[in-house]
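Heads up: the structure comes next, in C-alpha cells.
The values are calculated or read from the model by the stated rules, or taken from the named source; none is laboratory data. Note that the structure is predicted; figures quoted are calculated from it, not measured. For neighbour counting, all protein chains shown are included, and Cβ atoms are generated from backbone atoms with ideal geometry for every residue, glycine included.
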C-alpha cells in the first residue's frame, strides 16, 4: 500500500506536520510512505524578501510532485497552509492540473485526507480542510478525517489545532509558534488512520 504525503509549506510549519503524518503512516505494516512537495509559484525575489526562501531550505531535499504521480498512490494526504480560509495557490495549481486524471477516473476509490495551518486560532482551518474535500469528492476519493477516538483534538488545557476534518497547527501572526506536541500527535494519528483504511481498501 502506497501513501503519498503531498504538501506546500512556506515557513516549515506544514512540512513539520507532513513529517509527523508520514511517521504515523509508516507505523502501519506494509505501508510505503513518500513525501512530496508541490511546485513553488512565487518569484525568487519575493521568497527572499519574505524570508520563505531561507525557511524552505530545510525541506529542499523533498522531491516536487507532478500530477500524474498522484495516480500511483493508494492514499493521498495533502497539507497546505490557509490563505484567507482556502488552500494556498500552489496547492490549487497542482490540483487544477489533474483534469486528465479526472477524465480517466484515475483517483476514484483512493483515500484522501488533508491537514493545514493558520496564523490565528480561528483563521480558517476548518474552511480550508472542508473546501479541499470538494476537489477530492470530484475525483471520487474516499475522504478520511480524524475521528474522536483521537481525543487530543478535544484538548482544552492549551491552544491547539486539530479537528474531525484533519490535523492543523497555529503559527502565530509572526510565524514564531511551531507545531506543539499535541498537534504533532494528532498529525501522527491522522497518518496512521489513513494508512490503515487504505490498507483495508487495498485488500491488506
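Scan region 138-145 and tell me whether some residue there is within 25 Å of residue 68 (Cβ to Cβ) and in a helix (DSSP H, G or I).
If we filter region 138-145 for residues that are within 25 Å of residue 68 (Cβ to Cβ), which is where we start, we get 138-144.
With the extra rule that they be in a helix (DSSP H, G or I), the set shrinks to 138.
The answer is yes, given that some residue of region 138-145 is within 25 Å of residue 68 (Cβ to Cβ) and in a helix (DSSP H, G or I).
Could you tell me which of the residues 52, 73, 106, 89 is touching a strand residue (DSSP E or B) at 6+ places or on another chain (Cβ under 6 Å) and in contact (Cβ under 8 Å) with a residue 24 or more places away in the chain?
Of 52, 73, 106, 89, the one residue that is touching a strand residue (DSSP E or B) at 6+ places or on another chain (Cβ under 6 Å) and in contact (Cβ under 8 Å) with a residue 24 or more places away in the chain is 73.
Name the residue, out of 128, 120, that is modelled with pLDDT of 95 or more, out of contact with any strand residue (DSSP E or B) (no Cβ under 6 Å at 6 or more places or on another chain), surrounded by 12 or more Cβ atoms within 10 Å (Cβ to Cβ) and closer than 19 Å to residue 163 by Cα.
On the way: 128 fails: out of contact with any strand residue (DSSP E or B) (no Cβ under 6 Å at 6 or more places or on another chain).
Being modelled with pLDDT of 95 or more, out of contact with any strand residue (DSSP E or B) (no Cβ under 6 Å at 6 or more places or on another chain), surrounded by 12 or more Cβ atoms within 10 Å (Cβ to Cβ) and closer than 19 Å to residue 163 by Cα holds for just one of 128, 120, which is 120.
Name the pairs whose Cβ atoms lie under 6 Å apart, with the first residue in region 126-143 and within 17 Å of residue 82 (Cα to Cα), the second in a helix (DSSP H, G or I) and modelled with pLDDT of 95 or more, and 6 or more positions between them or separate chains?
135/95
Please determine, by comparing only the residues of region 55-70 that are crowded, with 17+ Cβ neighbours inside 10 Å, part of a helix (DSSP H, G or I) and touching a strand residue (DSSP E or B) at 6+ places or on another chain (Cβ under 8 Å), which one is modelled with the lowest pLDDT.
It comes out as 59.
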